[in-house]
1. For the chain, set up a Gaussian network in which alpha carbons nearer than 10 Å are linked by springs, and say which option among G28, G108, G48 fluctuates the most.
2. Dividing the convex hull volume of the Cα atoms of segment 5-139 by its residue count, what figure in Å³ per residue is obtained?
3. Tell me the net charge near S106. Cut-off is 15 Å between Cβ atoms, S106 excluded, with +1 for each Lys or Arg and -1 for each Asp or Glu.
4. Expressed as an acute angle from 0 to 90° and rounded to the nearest 10, what is the orientation of the C-alpha long axis of helix 128-137 relative to the principal long axis of the chain?
5. For the chain, with a Gaussian network of springs between Cα atoms less than 10 Å apart, report the residue from N122, N86, N18 with the top mean-square fluctuation.
6. Please identify, among G68, G91, G55, the residue showing maximal mean-square fluctuation in a Gaussian network model of the chain using a 10 angstrom Cα cutoff.
7. How long is the gain from S4 to K30 if the chain were fully straight, where each residue apart is worth 0.36 nm and the alpha carbon distance is subtracted?
8. Be a star and scan segment 62-77 for residues whose amide nitrogen sits under 19 Å from the point 7 Å along the Cα-to-Cβ vector of D44.
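No value in this document is a laboratory result; all are computed from the given coordinates. Computed from a predicted model, the values in this text were never measured in an experiment. Don't worry about glycine lacking a Cβ; one is built from the backbone with ideal geometry, like all the others, and counts go over all protein chains shown.
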Amino acid sequence: MTGSVYDCVILPLNKIHNRDGNITIVEGQKNIPFDVKRIYYLYDIPGGEARGGHGHKELYQLIVSASGSFDVMIDDGINKKIVTLNRPDYGLLIVPGIWRELIEFSSGAICLVLASHKYDENDYIRDYKDFKTYKEITYDK
Ligand code: TYD
């Protein structure tokens, strides 16, 4: 079966700390298991708003709270998990075949997303029923 919530792990990212502040470096194939082809970030999210609400067929992502906090609900069609992200030196790896929703954004939160592929609408599954069907079809793979 493509992608289980148990494959979606929190990855500690290295933090170099000194009196001038912190720096965290993410390098493709080094501390994340894919090369980064695209970066985007969500910000100015109104209170109570949810983002995401879709799955991907091939895309790997690392989701980081660059500022503030939010919750990521992940669902592989069988199991669900809620992960709170609130530190810039930790990222949530999301493997292909996972339905995700981002909720409970704090004021000023910035959600940074590193992605393994360029934007491709064909990689999205935007309907939950289609997602369930997709997971059933790919169950034996
Ligand atoms: P979408 O992925 O639906 O946002 P979210 O999951 O955060 O709610 O994307 C929102 C809009 O932005 C949609 O019209 C597609 C567009 N978009 C791009 O053009 N390129 C991208 O890399 C991304 C992530 C979105």
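1. G48
2. Expressed per residue, the convex hull around the Cα atoms of segment 5-139 is 110 Å³.
3. On the way: positive: R51, R87; negative: D44, E49, D71, E104.
Here the charged neighbours net out to -2.
4. It works out to around 70 degrees.
5. N18
6. G68
7. Details: separation 26, 0.36 × 26 = 9.36 nm, distance 2.22 nm.
Difference between extended and current length: 7.1 nm.
8. 66-69
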